[in-house]
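One structure below.
The values are calculated or read from the model by the stated rules, or taken from the named source; none is laboratory data. In this text, all values refer to a predicted model and were calculated from it rather than measured experimentally. All Cβ positions, glycine included, derive from the backbone under ideal geometry; neighbour counts span all protein chains shown. The accessibility values were calculated without ligands, DNA or RNA, using every heavy atom of the protein model including side chains. Shrake-Rupley method; radii C 1.70, N 1.55, O 1.52, S 1.80 Å.
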Amino acid sequence: MSMQQVINDWQEETDLIIQELLADGSDPDAEYTIEHHIASKDFKVLEKAAVDVFKAGFEVSDAEEAELEDGGKVWCFDVIVEASLEADGIKEDIETLAKIADKHKVIYDGWGTYFESGEEDEQ
């Protein structure tokens, strides 16, 4: 699959994710922690991609090793963005990050976030 197709697919998926979150009652005005996922079997290559992501102005988590369903191993990191649940901004980030991933021949594996109720936690 071409990188442009990956970008297009995730941009379409973005609209669905946002619709589902809002339909479930997630707060449309909340600040969300959005985590984009990037992975590679080669740690050194992934590390170079992480540097470019950081240089592009994003927060990058530490790389972790993860086990795939087939038992294989992959290195991955999250790109963390604090933002509103606004499709255009997320789609811009997808395009930027997918292009960096393509440059380094690593995998852009989409994004996710957490439900935000809009209610303050009382403790």
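Taking all protein chains in place and a 1.4 Å probe, what share, in percent, of the accessible surface of the range 53-119 do carbon and sulfur account for? Display every interim value, and only then the final one.
On the way: 1850 of 4090 Å².
Of all accessible area on the range 53-119, carbon and sulfur atoms account for 45 percent.
Let me have the 222 nm mean residue ellipticity of the chain computed from DSSP H runs of 4+ only, each contributing -39500 (n - 2.57), with the sum over all residues rounded to the nearest 500. Present the calculation step by step, with values, prior to reporting the outcome.
Working: 3 runs with 52 residues, N = 123.
Calculated from helices alone, the mean residue ellipticity at 222 nm is -14000 deg cm²/dmol.
Determine which aspartates and glutamates satisfy two conditions relative to LYS44: a Cα distance under 14 Å, and not lying fewer than 8 residues away in the same chain.
Within the straight-line limit of under 14 Å, LYS44 reaches these aspartates and glutamates: ASP52, ASP62, GLU64, GLU65.
Given the options ASP78, ASP62, ASP27, which has the most mean-square fluctuation in a GNM of the chain, springs set between C-alpha atoms less than 10 angstrom apart?
Among ASP78, ASP62, ASP27, the largest GNM mean-square fluctuation belongs to ASP62.
So which trypsin sites (Lys or Arg not before Pro) in the range 26-69 pass both tests, a DSSP loop state and at most 15 other Cβ atoms within 10 Å of the Cβ?
Working: sites: LYS41, LYS44, LYS48, LYS55; in loops: LYS41.
Answer by residue number: LYS41.
Show me the GluC sites (Glu not before Pro) within the range 1-33 that DSSP assigns to loop and that have at most 14 other Cβ atoms within 10 Å of their Cβ. Mind dumping the intermediate values first?
On the way: sites: GLU12, GLU13, GLU20, GLU31; in loops: GLU31.
Here the sparse-neighbourhood loop sites are GLU31.
Using a Förster distance of 41 Å, how high is the FRET efficiency between PHE115 and GLU47, based on the Cβ-Cβ distance and rounded to 0.05? Intermediate results must be reported in sequence, preceding the final value.
On the way: r = 32 Å, r/R0 = 0.79.
So the FRET efficiency works out to roughly 0.80.
Anyone know which of GLY72, GLY112, GLY25 comes out most mobile in the 10 Å Cα GNM of the chain?
Among GLY72, GLY112, GLY25, the largest GNM mean-square fluctuation belongs to GLY72.
Please tell me the relative contact order of the range 26-123 in percent, rounded to the nearest whole number, where contacts are Cα pairs under 8 Å and at least six residues apart.
Numbers: 161 pairs, mean separation 44.4, N = 98.
It comes to 45 percent, rounded to a whole number.
Considering only protein heavy atoms, what per residue accessible area in square angstrom results for the range 1-54 with a 1.4 angstrom probe? Before the final figure, lay out the partial values.
Details: 3210 Å² over 54 residues.
Heavy-atom accessible area per residue stands at 60 Å².
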